[in-house]
Amino acid sequence: MAVLEVSDLSKSFGGVLAVQNVSFSVEAGIVYSVIGPNGAGKTTLFNLITGIYRPNSGEIRLDGELVTGRAPHELARKGVARTFQNLQICMNMTAIENVMVGGHLSLDRNLIKGMLRFPSLRCADAVLRDRAAELMAYVGLHAYRDAEAGAMPYGALKRLEIARALAAQPRIIFLDEPAAGFNPTETVEIDGLVRKIADSGITVVLVEHDMKMVMNISDRILVLNYGKKLTEGAARDVRRDPAVIAAYLGKAA
Amino acid sequence: MFSQFLQFMFSGVTVGATYALAALGFTLIYNASNVINFAQGEFIMLGGMLTVFFLKTGLPMPVALALAVAIPAAVGVLVEKLAIEPAKGAEVVGLIIITIGASLVLRGVVQIWLGKGAAAFPAFSGDAPIAVGGAALAPQSLWVLGTTAVIVVALWLFFNRTLAGKAILATSFDPLAAQLVGINTQWVLLVSFALSAAIGAIGGILLTPITMTSYDVGIMLGLKGFVAAVVGGLGNGLGAVVGGLMVGIIEAMSAGYISSAYKDAVPFLLIFVVLFFLPRGLLGAKATERV
Amino acid sequence: MMRTNYGLFVLAAVLLALPLLLPNTYYFDIANRMAINAIIVLGLNLLIGFAGQISLGHAGFFGIGAYASAVLTTHFSWPPIAALCAGAAGAALLAAAIAPPIFRLRGHYLAMATLGLGIVISIVLKNEAGYTGGPDGMSVPAMSAFGGEIFGERQWYWLFAGILLFSVWACQNLIDSPFGRALRALHGSEVASQVVGVNVARYKVTIFVLSAFFASIMGSLTAHYVGFITPDSAEFSHSIELVTMVVVGGMASVFGSVVGAVLLTALPQALTTFEGRETVAFGAILMLSMIFLPKGLVPTLAAKFGGRR
């Protein structure tokens, strides 16, 4: 059974049809990329699936369970994690605390126990801190383990978001332009990281503009244009599709 | 029955017009700088208090009035220069607190200088009430409404027909873009503060013969003006006027028909009602955050 | 970990040493008022500084606690502890009821709603003169609990000092706990905390209720301590004083709350002569603090002396 199934999803913002009747499904453990020109609706699609927007119509299923319109924090409970196109890092916290927040649901969040400093809470926190440090090393941020988030460069922060998403021990992770703003070397590194994540069994859904990275890494690709599904299939088939080429390069070619 | 309703309506619309002027002041400054100027109420207070002061020193009415509008305008510019400008880019909480601080300073200074007593000056065209449909309409109310109407129309013309006005509007939509086309956004900010203070002061002057003035009238008037601006939709000029009249009328009606003890609570209860159904006020813009 | 405990030990030492240094009951009274404000501000700072929300009407909850204690002990002969609990429960319930709709609002709209709440509470307190004695206030019997009576500034000092110490410890723990981390994350990025599973709406309500709880309890205790309360205690100006203490001392700083409360409780004492000057001074402090020390006194000093948060 597909880990993610989207049927006939639509969203409009006051007359602008951002996403129109998009359907696709994602099998477990693969790398699934969503591509398309700017404004095609990719991030909106992500926002719909991760609960940040409510769709006007359509269905979203996680492992068969209907989750359309559920709030983001509920979806987190179901194993959904994501990163953002526009960095959403908590600059008021340290790097490792940002990652620890990712593991929020694994801890006892009781207010009273927190105020009274229950030993069980302190223990669990220490365990999470160690795991967060491991995750930071996993994404290549070992050097920033004790850093303040506000002091880190852009590239490091993008990786930090990935570490935070992984801290939630998700089943499926949505990466919104993880290589945005990266130079070729950094892109290759992210490429490797995404592969590593997929190999560990987590389903990866990716939005990316860097075609080389996308072709290199994806098992299947969904192409969006003007909010509609243009085509979908195995990576090598999609790259040769004339409609896709036309959408990206324009008809005249 | 009807005459009583009319009576409440008159007082509601009169004070509502003052709230509308205060709300317009808030809106002007909010549009220019994204700041809610909690000192707005003090500009209203200054209008009335300064008029009383200047009349006492023997100056003729027109001169007193002119000064009572010009000085708050200058104070407005001062507030912008000394409080807002140095705090560029602070969080919402910070900006709110700075303007509250400015309002305290203004109020404290007036308290020290002019004392705590209440004062008034005679109505502009006498006190003889005009009988309308069985209710008594004070001539001063007509002054309030008339002047407010003139100001609203003048502002509309300014913003929609003059280049300067359009420059200010442009800045409120996108300050960076406005700068890039050569608009002096600094100047826009100063003008907005001066204008908003002047409008507030005029409102205070007009209302003084009816309700008297003192060093602390600014608090409630300012807060209610803020309520009016929020209810109407922050940043929307028409919303400010509609909000002001609405708050004034509902307040007067509640005081008349339900309970006058809770009159002051009404605008604030109104806030809850309106914001519950319309989180951006009656005419406020819907905002979506891009993630 | 050792760093934060250090601060707590210093505070404990100061609180223990103070009675030996204070010359007479007048100074004990000031110390008591500082402690009262510090405890309220600790709760308020959780809301404003750590969670990044705002409340311009917090004195309303203080007033609820104060009048619950006053009215229930005076008119209905309740034991003071019961009245205090009732007040705290009432404040918490009100906060819990009004928070969900209010916290859907943002920025200025949220500020306005909290401001409205405080004003409505203070107007109700002023008007229900039958119960509350109206604008002139009412007197409150002394605090008695477990058979004994607390009387005199010195006895109250030990109570307030104890509560303060406990509150500082509890707040420090809270900040470091999973709950506290979620709160700070909420402030840093609401959407990011949502996607990791933080029910943002529920957290805002919870912290609002907690801070209302702090304010109400201190309102009750203050009523018994002073022996008299007026509706001024729930006024907008009191709410602003509390926010000033948060801001000047340091938003998102536990010791900042204490410092802010201490400084701004001492100030009116220094300016008792003329109210107008006090208003001007308060206003000037607000403005200057936010302009030059936007992070507040303690965080700015901490950053200068390297690293301690």
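Only the coordinates and a few stated rules stand behind these numbers; no lab work does. What you see is a predicted model, and the numbers here were worked out from it, not measured in a lab. Quick reminder, even Gly has a Cβ in these numbers, built from the backbone with ideal geometry, and neighbours come from all protein chains shown.
May I ask which of B:Lys88/C:Lys295; B:Lys166/B:Lys224; B:Lys224/B:Lys263; A:Lys11/A:Lys42; A:Lys78/A:Lys229 have a Cα-Cα span longer than 18 Å here?
B:Lys166/B:Lys224; A:Lys78/A:Lys229, as the Cα separations exceed 18 Å there.
Please report A:Ile112, B:Ile250, A:Ile30, B:Ile271 as a ranked list, fewest other C-beta atoms within 10 angstrom at the top and most at the bottom.
Arranged by neighbour count, lowest to highest, A:Ile112, B:Ile250, A:Ile30, B:Ile271 become A:Ile112, A:Ile30, B:Ile250, B:Ile271.
Calculate, for C:Arg154 and C:Phe228, the FRET efficiency according to 1/(1 + (r/R0)^6) with r their C-beta to C-beta distance and R0 25 Å; round to the nearest 0.05.
Rounded to the nearest 0.05, the efficiency is 0.80.
Label chain C by shape, choosing from rounded, prolate and oblate, from the square roots a ≥ b ≥ c of the eigenvalues of the Cα gyration tensor; if a/c is under 1.5 it is rounded, and otherwise prolate applies when a/b is larger than b/c, oblate when it is not.
Rounded, because the longest to shortest axis ratio a/c is under 1.5.
Based on the Kirkwood radius over alpha-carbon pairs, what is the Stokes-Einstein translational diffusion coefficient of segment A:91-169 at 25 °C with 0.890 mPa s viscosity, in µm²/s?
The diffusion coefficient I find is 193 µm²/s.
What relative contact order, as a whole-number percentage, does chain C give when Cα pairs under 8 Å and 6 or more residues apart are counted?
After rounding, I find 33 percent.
Taking amide H positions as placed in the peptide plane 1.01 Å from N, state which residues far from A:Arg82 in sequence (5 or more) or on other chains have amide H under 5 Å from it.
A:Phe174
Restricting to the protein assembly as shown, compute how many DSSP beta bridges are antiparallel as a %, nearest 5.
65
Using just the helices of chain B, give the 222 nm mean residue ellipticity in deg cm²/dmol: DSSP H runs with n ≥ 4 each add -39,500 (n - 2.57), and the total is spread over all residues, rounded to 500.
Dividing the helical sum by the residues of chain B leaves -24500 deg cm²/dmol.
Can you say what percent of the DSSP beta bridges in segment A:150-253, counting only those with both residues inside, are antiparallel? Round to 5.
Taking every DSSP beta bridge within segment A:150-253, about 55 percent pair in antiparallel fashion.
Of the peptides A:75-83, B:144-152, how do they stack up when ordered by the mean number of other Cβ atoms within 10 Å, highest first?
The densest-packed peptide leads the list: A:75-83, B:144-152.
Spelling out what I want: for every residue of segment B:44-56, take phi, set θ = phi - 60°, compute 6.51 cos²θ - 1.76 cosθ + 1.60 (Karplus), and round to whole Hz; glycine and proline get x.
So the J values, rounded to whole Hz, are 4, 4, 4, x, x, 4, 5, 4, 4, 4, 5, 5, 5.
How far, in nm, would the chain grow between C:Tyr26 and C:Ala129 when pulled straight, counting 0.36 nm per residue and subtracting the alpha carbon separation?
So the chain would gain 34.0 nm between C:Tyr26 and C:Ala129.
Near A:Lys113, which lysines are there with a Cα under 24 Å away, not counting those fewer than 8 places off in the same chain?
Once the sequence-local lysines are set aside, what remains near A:Lys113 is C:Lys204.
At what distance in angstrom do the alpha carbon centres of segment B:197-214 and segment C:155-215 lie from each other?
Result: 44 Å between the Cα centres.
At what distance in angstrom do the alpha carbon centres of segment A:174-253 and segment B:52-89 lie from each other?
Value for the Cα centre distance between the two parts: 62 Å.
Any idea how far apart B:Lys81 and C:Val10 come out in nm if each label point goes 7 Å out from Cα toward Cβ?
For B:Lys81 paired with C:Val10, the spin-label model returns 4.1 nm.
Using θ = phi - 60° and the Karplus relation 6.51 cos²θ - 1.76 cosθ + 1.60, list the HN-Hα couplings for segment B:249-263 in order, rounded to whole Hz, with x at every Gly or Pro.
My calculation for segment B:249-263 gives 5, 4, 4, 5, 4, 5, 5, x, 8, 9, 7, 7, 5, 9, 3 Hz in order.
Per residue of C:167-175, what is the mean number of Cβ atoms on other protein chains within 10 angstrom of that residue's Cβ?
Counting Cβ atoms of other protein chains within 10 Å of each residue's Cβ and averaging gives 3.
Normalised by the number of residues in chain A, what is the relative contact order in percent for Cα pairs under 8 Å and 6+ residues apart?
Averaging sequence separation for qualifying contacts and normalising by length gives 28 percent for chain A.
Using just the helices of chain C, give the 222 nm mean residue ellipticity in deg cm²/dmol: DSSP H runs with n ≥ 4 each add -39,500 (n - 2.57), and the total is spread over all residues, rounded to 500.
Only helices count here, giving -25000 deg cm²/dmol.
Taking 35 Å as R0, compute the FRET efficiency from the Cβ-Cβ separation of A:Ala246 and C:Arg106 and round it to 0.05.
0.25
Please give the average number of partner chain Cβ atoms lying within 10 Å of the Cβ of each residue in C:194-207, rounded to a whole number.
Per residue, the number of nearby Cβ atoms from other chains is 6 on average.
So what's Rg/Rh here for the protein assembly as shown, counting alpha carbon atoms and using the Kirkwood radius for Rh?
Over the Cα atoms of the protein assembly as shown, Rg/Rh equals 1.01.
Would you list the P(r) distribution for chain B, with all Cα-Cα distances sorted into 5 Å bins from 0 and each bin expressed as a whole %?
1, 6, 11, 17, 19, 17, 13, 8, 5, 2, 1, 0, 0
Give a quick list of trypsin sites (Lys or Arg not before Pro) in segment B:70-112 that DSSP marks as loop, anything other than H, G, I, E or B, with at most 14 other Cβ atoms within 10 Å.
Sparse-neighbourhood loop trypsin sites (Lys or Arg not before Pro): B:Lys88.
Report the FRET efficiency, 1/(1 + (r/R0)^6), for A:Glu74 and A:Ala143, where r is their Cβ-Cβ distance and R0 is 41 Å, rounded to 0.05.
Once the sixth-power term is evaluated, E becomes 0.70.
For the residues C:Phe213, B:Phe158, B:Phe43, C:Phe9, what sequence is obtained by ranking on other C-beta atoms within 10 Å, fewest first?
C:Phe9, B:Phe158, C:Phe213, B:Phe43
Tabulate in residue order the Karplus-calculated ³J(HN,Hα) for segment A:50-67, using 6.51 cos²θ - 1.76 cosθ + 1.60 with θ = phi - 60°, rounded to whole Hz; enter x for Gly and Pro.
8, x, 7, 10, 9, x, 6, 7, x, 10, 10, 10, 10, 6, x, 8, 6, 10
Collect residues whose amide H, placed 1.01 Å from N in the peptide plane, falls under 5 Å from the amide H of B:Lys263; neighbours closer than 5 in sequence don't count.
none
Do any trypsin sites (Lys or Arg not before Pro) in segment B:247-286 lie in a loop, going by DSSP, with at most 13 other beta-carbon atoms within 10 Å of their beta carbon, and if so which?
Those satisfying the criteria are B:Lys286.
Which whole number gives the average count of other chain Cβ atoms within 10 Å of the Cβ atoms across peptide B:261-269?
The mean count of partner-chain Cβ atoms within 10 Å per residue comes to 5.
If I stretch the segment between A:Asp237 and A:Asn38 completely, what's the gain in nm (0.36 nm per residue apart, minus their alpha carbon distance), one decimal?
69.5 nm
Straight-line reach only, C-alpha to C-alpha below 17 angstrom: list the lysines that B:Lys56 could link to, leaving out same-chain residues fewer than 8 apart.
B:Lys116
What aspartates and glutamates sit close enough to A:Lys228 to cross-link, taking a C-alpha to C-alpha distance under 20 Å and skipping anything fewer than 8 places away on the same chain?
A:Glu5, A:Asp8, A:Glu59, A:Asp176, A:Glu177, A:Glu208, A:Asp237, A:Asp241
Most exposed first by the Cβ proxy, i.e. fewest other Cβ within 10 Å, how do B:Thr57, C:Thr244, C:Thr222 rank?
B:Thr57, C:Thr222, C:Thr244
For chain A, what does the helix formula give at 222 nm: sum of -39500 (n - 2.57) over DSSP H segments with n ≥ 4, over the residue count, nearest 500 deg cm²/dmol?
Helix contribution divided over all residues of chain A: -11500 deg cm²/dmol.
Using modelled amide H (1.01 Å from N, peptide plane; none on Pro or chain starts), what sits under 5 Å from the amide H of A:Ala18, excluding residues fewer than 5 places away?
So A:Ala18 has HN proximity to A:Lys11, A:Ser12, A:Phe13.
Between segment B:120-153 and segment C:224-295, how far is it from one alpha carbon centroid to the other, in angstrom?
42
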